[in-house]
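Undergrad: The structure that follows is given in the form of structure tokens.
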Amino acid sequence: IPLTAPDSAASFSGNSNAYVSLPSGFADFSNGFSAEVWLYPTAVTNYQSIFDLGNGAPGNNIRMLRVGTSNNLMVQVFSGTGGGTAVTANNVIELNQWQHFAVTITGAGAAKIYKNGVEVAAGNTSAPVNVTRTSNYLGRTNWTSEGNFQGYMDEVAFYNKVLTPLQIAARANAGQYGTVNIELMQEGNP
């Protein structure tokens, strides 16, 4: 789904109405989950959301966000409405520069976070539950007490499989393509 004209990135002001609503879906990740984004943060807000795929707060959410006002990046998965388990990459978010972030989560919940094609954290989360998610956002979260993203995003993609480290490194090393695309890639697609 193209968000803006070619050769530009999506701009997020951090205001309560500055986000992208994604369609319902993001349901079956039994073969794993991967997401990637080129990110250019321009400000720090408390628990700044990059993406949140879920059914409210909490409701089977899969999310990537800043931890508090730190430079730590967290990936968190909720199974139902219980507490969400998380994996955190410490001190990886940098202001005012482009950086490529990716996350992979196996069907069993083993998660890895990558920055610029290099693994920066690994651990276990809850396995993503097979349920249709209806409250899906870029730059916003389902939690009203947490912040919206401020800066730019480009080349956002979600996959229903685990990308390999080589695939992630190739995407990071290829650089930005200059268009903003949000995709859910099906098994077998690049």
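Undergrad: Of everything in the stretch 147-172 that's over 20 Å from Gly109 (Cα atoms) and part of a strand (DSSP E or B), which residue is most open to solvent (accessible area, probe 1.4 Å)?
TA: Applying the filter and picking the extreme gives Tyr152.
Undergrad: If Ala35 satisfies every condition in (1) at pLDDT 95 or above; (2) open to solvent by 20 Å² or more (accessible area, probe 1.4 Å); (3) assigned to a strand (DSSP E or B) but one, which is the exception?
TA: Failing condition for Ala35: (2).
Undergrad: Moving to a separate point now. Let me spell it out: the conditions are (1) part of a loop (DSSP other than H, G, I, E, B); (2) without any contact (Cβ under 8 Å) to a residue 60 or more places away in the chain; (3) of a type in the set (A, V, I, L, M); (4) under 17 Å from Asn61 (Cβ atoms), and Val87 meets all of them except one. Which number is the exception?
TA: The one condition Val87 does not meet is (1).
Undergrad: Ok, one more. List pairs: first residue in the stretch 35-46 and farther than 18 Å from Lys115 by Cα, second residue crowded, with 18+ Cβ neighbours inside 10 Å and aliphatic (A, V, I, L, M) anywhere in the structure, Cβ distance under 9 angstrom, at least six positions apart or on different chains.
TA: Cβ pairs passing all conditions: Val44/Ile93.
Undergrad: Scan (1) in contact with a strand residue (DSSP E or B) (Cβ under 6 Å, 6 or more places away or on another chain); (2) on the phi < 0 side of the Ramachandran plot; (3) open to solvent by 20 Å² or more (accessible area, probe 1.4 Å); (4) not aromatic (Phe, Trp, Tyr) for the single condition Gly14 breaks and write down its number.
TA: The failed condition is (2).
Undergrad: Here are some residues: Tyr114, Tyr40. Which one is outside any loop (DSSP other than H, G, I, E, B) and touching a Pro at 6+ places or on another chain (Cβ under 9 Å)?
TA: Tyr114
Undergrad: Return yes when Thr69 is part of a loop (DSSP other than H, G, I, E, B) and open to solvent by 10 Å² or more (accessible area, probe 1.4 Å) and no when it is not.
TA: yes
Undergrad: With respect to the numbered conditions (1) at negative phi; (2) at pLDDT below 95, which one is the sole condition not fulfilled by Gly56?
TA: (1)
Undergrad: I'm checking my understanding of the structure. Among residues of the stretch 120-146 that are in contact with a Phe, Trp or Tyr (Cβ under 6 Å, 6 or more places away or on another chain) and part of a loop (DSSP other than H, G, I, E, B), which one is most open to solvent (accessible area, probe 1.4 Å)?
TA: Among residues in the stretch 120-146 that are in contact with a Phe, Trp or Tyr (Cβ under 6 Å, 6 or more places away or on another chain) and part of a loop (DSSP other than H, G, I, E, B), the one most open to solvent (accessible area, probe 1.4 Å) is Arg140.
Undergrad: Does the stretch 17-24 contain any residue that is part of a loop (DSSP other than H, G, I, E, B), open to solvent by 20 Å² or more (accessible area, probe 1.4 Å) and of a type outside the set (Ser, Thr, Tyr)?
TA: Yes, that holds for at least one residue.
Undergrad: Still on this structure: Name the single residue that is nearest to Leu95 (Cα to Cα) among those in the stretch 44-58 being open to solvent by 20 Å² or more (accessible area, probe 1.4 Å) and touching a Gly at 6+ places or on another chain (Cβ under 9 Å).
TA: Step by step, filter the stretch 44-58, then rank; the result is Val44.
The values are calculated or read from the model by the stated rules, or taken from the named source; none is laboratory data. Keep in mind it's a predicted model, so treat the numbers as computed, not measured. Here Cβ is always computed from backbone atoms with ideal geometry, including for glycine, and neighbour counts include all displayed protein chains. Keep in mind that these areas ignore ligands, DNA and RNA; they rest on the heavy atoms of the full protein, side chains included. Shrake-Rupley method; radii C 1.70, N 1.55, O 1.52, S 1.80 Å.
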